[in-house]
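Following: one structure in C-alpha cells, then a few remarks.
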Amino acid sequence: MRLLYAEDEKSLARAVSTILVKNHYAVDVVHDGESALDYLATGNYDGAVLDVMMPKLDGFEVLRRMRARGDNTPVLLLTAKSEIDDRVAGLDSGANDYLTKPFDMKELLARIRAMTRVLSGQPDKTVRFGSVALDCAGYELSGPGGSCKLAGKEFQMMEMLMRDPRKLISTETFMDRIWGYDSEAELNVVWVYVSMLRKKLRGIDADVEIKAQRGVGYYLEVRS
C-alpha cells in the first residue's frame, strides 16, 4: 500500500516515514504543498498524510485542490492546531480524518488503516486466492503445506497481486507503487522479488503461480 507523506519538518518526516516503512507501507515523502499536489496528480496513492502548516501551499489548500479535480484519495491531516474550528475546516475541505500533534505512532497507524480500509472496501484482513491466504495484519502467507512470513516489499507485491489476481500488473507499476518515483533501484529488482515469491509459494505447496506475460506484466493463476 502506497502513501504520500507531506511534512516540512524534515527530522519528523524521516522518523515517521521510517516507522511507516517498517509497518509495510511504501512511502513517498515531500516537504511542501506544491510537491504534494504534483505527486498526488499521478493518482498512484492509496492514502495521503498531509501536514497543515507547509510552505508554498498549506494542507487545507492541497486538499481543496485535490477534491476540486476529483481526486478522492483518502487524506489524514496532521497539525499542531487543536481548535475545533480548524478541525471542522479540515473535515469540511474533504479530509477523511484529522490528528493533532504531538501524536502517538500507534494512533497514526490505526487511523491510516481505518481510512484506507474504507476506500478499498476490504475490511477483511485476510485475502484468499486458490489455496493461498494472505494475512494482511500478520504479513503471513499460508497454504496447504504451511506458512511463511513475508518481508515488507514481498508482502506489498503479494498483496497487489492477490487483491486483483487476474489483472496484469506491469513492472513499472510495481516500481512506482512499492519502490517509489525517487528510487534508484533497477527494474530487474521486480523480477528478483517475483522469483522469491514463487519460491515461497512452492514452499507452502500452493496451487497458485505468478505468471508473466512478456513485456506486459505479472498476474496470478491457479494451476489446473
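The values are calculated or read from the model by the stated rules, or taken from the named source; none is laboratory data. No experiment lies behind these values; they were computed from the predicted model shown. Glycine gets a Cβ as well: all are built from the backbone with ideal geometry, and neighbour counts include every protein chain shown.
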| field | Considering residues of the range 161-173 that are in contact (Cβ under 8 Å) with a residue 40 or more places away in the chain and of a type outside the set (Val, Ile, Thr) only, the residue nearest to LEU134 (Cα to Cα) | value | MET162
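Report yes if some residue within the range 9-24 is part of a strand (DSSP E or B), surrounded by 14 or more Cβ atoms within 10 Å (Cβ to Cβ) and not aliphatic (A, V, I, L, M); otherwise report no. Outline the logic, then answer.
Here is the first cut: in the range 9-24, the residues part of a strand (DSSP E or B) are none.
Within the range 9-24 (the criterion being part of a strand (DSSP E or B), surrounded by 14 or more Cβ atoms within 10 Å (Cβ to Cβ) and not aliphatic (A, V, I, L, M)), the answer is no, since none of the residues qualifies.
Here is a yes/no grid of residues against (1) in contact with a His (Cβ under 6 Å, 6 or more places away or on another chain); (2) surrounded by fewer than 17 Cβ atoms within 10 Å (Cβ to Cβ); (3) assigned by TED's automatic domain parsing to the domain that holds VAL190; (4) more than 18 Å from LEU3 (Cα to Cα):
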position	(1), (2), (3), (4)
ALA137	no, yes, yes, no
SER147	no, yes, yes, yes
GLY152	yes, yes, yes, no
GLN156	no, no, yes, no
ARG163	no, yes, yes, no
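Which members of the range 207-224 meet the condition of being touching a residue at least 12 places away in the same chain (Cβ under 8 Å) and either under 22 Å from SER142 (Cβ atoms) or more than 24 Å from the chain's Cα centre (by Cα) (or both)? Lay out the reasoning, then the answer.
Let us first name the residues in the range 207-224 that are touching a residue at least 12 places away in the same chain (Cβ under 8 Å), namely 207-210, 212-213, 216-223.
Selection gives ASP207, VAL208, GLU209, ILE210, GLN213, TYR218, TYR219, LEU220, GLU221, VAL222, ARG223.
Does any residue of the range 55-74 turn out to be hydrophobic (A, V, I, L, M, F, W, C) and either under 16 Å from ILE112 (Cα atoms) or under 15 Å from the mean Cα position of the chain (by Cα) (or both)?
Kept after step one, since they are hydrophobic (A, V, I, L, M, F, W, C), are these residues of the range 55-74: 57, 60, 62-63, 66, 68.
With either under 16 Å from ILE112 (Cα atoms) or under 15 Å from the mean Cα position of the chain (by Cα) (or both) added as a condition, the list becomes none.
No, the conditions are met nowhere in the range 55-74.
Residues checked against (1) modelled with pLDDT of 90 or more; (2) under 16 Å from ARG111 (Cβ atoms):
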site	(1), (2)
ARG14	yes, no
GLU34	yes, no
ASP46	no, yes
ASP51	yes, yes
MET54	yes, no
| task | May I ask you to verify whether ALA48 is crowded, with 21+ Cβ neighbours inside 10 Å and not in a loop (DSSP other than H, G, I, E, B)? | result | yes
| Residue under evaluation VAL192, criteria (1) exposed (fewer than 14 other Cβ atoms within 10 Å of the Cβ); (2) part of a loop (DSSP other than H, G, I, E, B); (3) of a type in the set (A, V, I, L, M), criterion not met | (2)
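Can you tell me which residue within the range 26-45, out of those that are in a loop (DSSP other than H, G, I, E, B) and touching a residue at least 40 places away in the same chain (Cβ under 8 Å), is surrounded by the most Cβ atoms within 10 Å (Cβ to Cβ)? Walk me through it before giving the result.
Residues of the range 26-45 that are in a loop (DSSP other than H, G, I, E, B), as a first pass: 31-32, 41-45.
Narrowing further to those that are touching a residue at least 40 places away in the same chain (Cβ under 8 Å): 42, 44-45.
On the way: THR42: 11, ASN44: 16, TYR45: 21.
So the residue we want is TYR45.
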